[in-house]
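A.B. asks: What follows is a structure written as structure tokens; I'll ask about it next.
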Amino acid sequence: MTGKTHLAGGFAAGTGLYAAAGSIPGLEGVLPVSVSIVGVPVPMLVLGTAVSVVAALLPDIDEPESLIAHAPDAVRKQLGKGRKGADRSARRSAGMLLRLLQVVFTSLAWLVRLFAGGHRGATHMLLIGAGLSAGMYFLGDAIGFASLWLWFAVGYGSHLFLDMMTPSGLELLWPVVRRPLRLLPRPLCITTGTAGDSVIRVLLLAAGAWFLYTAFSTIA
């Protein structure tokens with residue numbers, strides 16, 4: 001799936017988690033209305049969904065041309081839109097920093113690709129996703145965001161789920177099962193960048209919007 005579709009998947013996963021919290025025993029206390037990060041109260045729905053979106057893009061860090069690998073460049077290109085000359089110096093400084101970050105991100109992507117065994121290698125395996133989610137558990141505990149790991153896990157999982165709908169599938173259960181696994185029969189699989197990919201993206205955005213509406217209704 002394309003990066004935009006994975007972004008939509010992370011959005012749907014994050015908003016869906018919050019919307020379902022009231023009906024899943026034990027999640028009410030884990031997912032409060034807001035969370036205090038270094039003393040600053042932040043709406044849980046906003047913060048958690050943002051984590052899920054980033055996590056949904058993260059597995060593709062093994063692809064130098066992916067959306068997440070080019071995030072700094074995308075931000076830099078937005079700096080000059082609708083701006084006036086008064087902040088030109090600040091924009092130039094920010095642009096230089098973002099160019100440097102882009103070099104770092106691209107280099108990191110190539111490095112991960114090398115050690116992960118190519119695109120859809122280690123970063124697309126359940127074992128790695130579980131390990132990273134465990135790391136988020138300890139990080140969240142340290143910064144006072146106890147449910148960080150849960151938001152991360154659903155976002156990361158949404159990426160793996162969507163990629164298993166493509167013809168190549170994923171070696172999700174490596175090293176236990178060393179063959180690609182797919183969710184759909186090969187004739188029904190969705191090739192990245194096709195009309196089917198776009199349809200899935202629209203459906204995910206619609207689902208996320210519905211979950212968002214449901215979540216706000218619950219808060220109100």
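The values are calculated or read from the model by the stated rules, or taken from the named source; none is laboratory data. Keep in mind that what you see is a predicted model, and the values were worked out from it rather than measured. Because the Cβ atoms are built from the backbone with ideal geometry, glycine has one as well, and the counts that use them run over all protein chains shown.
A.B. asks: Looking at residue 204, is it in the same structural domain as residue 9 (by TED's automatic domain parsing) and touching a helix residue (DSSP H, G or I) at 6+ places or on another chain (Cβ under 6 Å)?
C.D. replies: The answer is yes for residue 204.
A.B. asks: Scan the stretch 139-156 and give yes if some residue there is in contact with a Pro (Cβ under 8 Å, 6 or more places away or on another chain) and without any contact (Cβ under 8 Å) to a residue 24 or more places away in the chain, otherwise no.
C.D. replies: no
A.B. asks: Same structure, new question: With the requirement that a residue be within 20 Å of the chain's Cα centre (by Cα), hydrophobic (A, V, I, L, M, F, W, C) and over 15 Å from residue 11 (Cα atoms), what does the stretch 191-205 give you?
C.D. replies: The answer is 199, and nothing else.
A.B. asks: Take the residues in the stretch 44-82 that are in a loop (DSSP other than H, G, I, E, B) and of a type in the set (A, V, I, L, M, F, W, C); name whichever of them is surrounded by the most Cβ atoms within 10 Å (Cβ to Cβ).
C.D. replies: 69
A.B. asks: Of the residues 211, 161, which single one is under 15 Å from residue 123 (Cα atoms), at pLDDT 90 or above and surrounded by 14 or more Cβ atoms within 10 Å (Cβ to Cβ)?
C.D. replies: Result of the check over 211, 161: 161.
A.B. asks: Could you tell me which of the residues 105, 152, 145 is under 28 Å from residue 75 (Cβ atoms), outside any helix (DSSP H, G or I) and out of contact with any Asp or Glu (no Cβ under 6 Å at 6 or more places or on another chain)?
C.D. replies: Among 105, 152, 145, only 145 is under 28 Å from residue 75 (Cβ atoms), outside any helix (DSSP H, G or I) and out of contact with any Asp or Glu (no Cβ under 6 Å at 6 or more places or on another chain).
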